[in-house]
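The values are calculated or read from the model by the stated rules, or taken from the named source; none is laboratory data. Computed from a prediction, not measured in an experiment: that's the story for all the values here. Reconstructed Cβ throughout: ideal geometry from the backbone, glycine too, with neighbour counts over all protein chains shown.
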Amino acid sequence: MLVLWVCLVLLEHVRTEPSVENIHMLAPEEHEFILNLGHTEIPTDCYELWQESGGNARDGLYLIKPADAPIAVYCAMHEGGWTVVQHITVNSSVDFHRTWDEYKRGFGSLTGNHWLGNGYLHQLTGGLARYKLGIKLVDKDGVTKMGEYDPVLVENEDAQYRLRLGLFRGTAADALTVDTENYLHDNQRFTTKDRDNDNYFQNCAKLEFQGVPGGGWWYDACAGANLNRRNVIYWQKDCNKEHLCKYAWMMVKPSDHVKLVYGGDCKKDEL
């Protein structure tokens, strides 16, 4: 009887856990590592959790809810509550040469190399709050460079997940809105091997370097930056085939600035 009661309690616990849309990005043994699993309130993003903890939350897996359903993400809490949306290691075993649908839903492992998903990028950046994009690069000598674009918006699927970027600051080069070869990634639509939205006569996602295709990205014709190519992480002068980088991250968090919202009863925009 005791064994039956314990089983029923465990079954009820499973039933009351929220349905996680991107559970395919976690191995079964990693489900229990979600640090806020079972909490009744699910935050919008990692920054909200970081704030609630007084800045003391630890890095790791968390549930967030940027739209209607919870998703699992990796939170970079030690760096101020960033929600990680991409991580790649040079020569990653995770293949980034994926289809449009895979880039939409996300792939890889949230605890390793992954792309969170264009659908979730839109949910995070396309709401009422203003967000910024963080870039972190680590070269072969362990030197770290950072950059931020404020604000950032990834538009919806009807707009082909077009990337919109604001002002840049940081120690890394601005490789998305300024490029010496005139490859401007700002305002570009997303391209994958099965959905060609770039400005080149061929599909930039299919072009190979040392036998490895470019992977999905906001190509122009083609790239002054690409963090989804497995053999060479490319970010202008900071990361390239001559100056190798070992790791790259893309992250988002709310902007330090307030988003302009039009008030219907007002005669002008208000902060």
(request) Starting from region 199-228, take each residue that is touching a residue at least 24 places away in the same chain (Cβ under 8 Å) and outside any strand (DSSP E or B) and list its partners that are of a type in the set (D, E) and surrounded by fewer than 19 Cβ atoms within 10 Å (Cβ to Cβ), counting only C-beta distances under 7 angstrom and pairs at least six apart or across chains. (result) G224/D179; G224/E181
(message) Just the residues that are on the phi > 0 side of the Ramachandran plot and out of contact with any His (no Cβ under 7 Å at 6 or more places or on another chain), please, taken from region 134-189.
(response) G142, Q160, G170, N182, N187
(request) Quickly run through region 108-143 and pick out the residues that are over 21 Å from Q236 (Cα atoms) and over 15 Å from the mean Cα position of the chain (by Cα). (result) G127, L128, A129, R130
(message) Given the options A72, A173, name the one that is closer than 28 Å to A57 by Cβ and either touching a helix residue (DSSP H, G or I) at 6+ places or on another chain (Cβ under 6 Å) or touching a residue at least 24 places away in the same chain (Cβ under 8 Å) (or both).
(response) A72
(request) Please tell me if N203 is at negative phi and at pLDDT 95 or above. (result) yes
(request) Could you grab the pairs with beta carbons closer than 7 Å, sequence gap of 6+ or different chains, first residue in region 238-257 and more than 17 Å from G170 (Cβ to Cβ) and free of Cβ contacts under 8 Å to residues at least 40 places away in the same chain, second one part of a strand (DSSP E or B) and of a type in the set (F, W, Y)? (result) N240/Y234
(request) Of the conditions (1) modelled with pLDDT of 95 or more; (2) surrounded by fewer than 15 Cβ atoms within 10 Å (Cβ to Cβ), T16 clears all except one; give me its number. (result) (1)
(message) Here is a check on your reading of the model: is A67 in a loop (DSSP other than H, G, I, E, B), on the phi < 0 side of the Ramachandran plot and of a type in the set (A, V, I, L, M, F, W, C)?
(response) yes
(request) Determine, yes or no, whether T192 is over 17 Å from W217 (Cβ atoms) and among the β-branched types (V, I, T). (result) no
(message) Can you find, within region 78-107, the residue that is farthest from the chain's Cα centre (by Cα) among those that are more than 20 Å from R230 (Cα to Cα) and surrounded by fewer than 21 Cβ atoms within 10 Å (Cβ to Cβ)?
(response) H78
(request) Report, by residue number, each residue of region 89-120 that is touching a Phe, Trp or Tyr at 6+ places or on another chain (Cβ under 7 Å), in a helix (DSSP H, G or I) and within 22 Å of E48 (Cα to Cα). (result) N118
(request) Would you mention how many residues in region 143-176 are over 18 Å from Q123 (Cα atoms), touching a Phe, Trp or Tyr at 6+ places or on another chain (Cβ under 8 Å) and either among the aliphatic types (A, V, I, L, M) or modelled with pLDDT under 95 (or both)? (result) 5
(request) Could you please give the count of residues in region 19-34 that are part of a loop (DSSP other than H, G, I, E, B) and surrounded by fewer than 17 Cβ atoms within 10 Å (Cβ to Cβ)? (result) 2
